[in-house]
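What follows is a set of notes on a single structure, which appears directly below.
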Amino acid sequence: MMTLYVSPYGRIARRRSSMDHRLDSNHHVSEALDREKVLAVDVRSDDESYTISALIPGIEADDINVEILNKTVSIRGEFNEKIEEENDKFLVNELPFGRFGRVLTLPTKLDPAIADANLKNGVFTLRVLKAEEDRPKLIKISAE
């Protein structure tokens, strides 16, 4: 009598391979869904303000929306849609397109009246002051 051992790992590997193949062949279809991409940012803080930086290449300043409310900063926009021919087959398809956004909740309240945003060479920078009540105060000590 012969004993046959069946490993579940082989079956799992075959199913994973099959799923990967299906996902790869429909890659352009799944990306066409209207999902918002997460914008990668850097946030720096000093005593007076926060500075938020992001790389957003190929977008115009008018296509970026910034909202500031209490402790929250919302940055949203949209990359231009790619123009694809019906017979296009990409070997590599990594350029961004579609909507992007990021909502950040910062540790202190913000003063939206005093904010400065700019876009230069694809680098978006937003500097927003902390609310007056959340800024450190310098107290002078008198000597007697």
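Got a number for carbon plus sulfur as a percent of the range 32-144's accessible area, 1.4 Å probe? Answer for the range 32-144 is 50 percent, counting heavy atoms of protein chains only. A 1.4 Å probe run over the range 68-131, with the rest of the protein chains in place, finds 69 Å² accessible per residue. Taking 27 Å as the straight-line reach from the Cα of K89, the lysines in range (excluding those fewer than 8 positions away in the same chain) are K37. F97 contributes about 20 Å² of solvent-accessible surface, heavy atoms of the protein only, 1.4 Å probe. Subtracting the Cα-Cα distance of R76 and R16 from their residue separation scaled by 0.36 nm leaves 18.1 nm. Students often forget the sequence filter, so: which lysines lie under 20 Å Cα-Cα from K137 once same-chain residues fewer than 8 apart are removed? Partners within reach: K71, K109. Which FRET efficiency, nearest 0.05, do A61 and L91 yield, Cβ-Cβ r, R0 35 Å? According to the calculation, E is roughly 0.60.
The values are calculated or read from the model by the stated rules, or taken from the named source; none is laboratory data. Predicted, not measured: the structure shown is a model, and the values here were computed from it. Cβ sites come from the backbone with ideal geometry, for glycine too, and all protein chains shown count toward neighbours. Areas reflect the complete protein model, heavy atoms only, side chains present, ligands, DNA and RNA absent. Shrake-Rupley method; radii C 1.70, N 1.55, O 1.52, S 1.80 Å.
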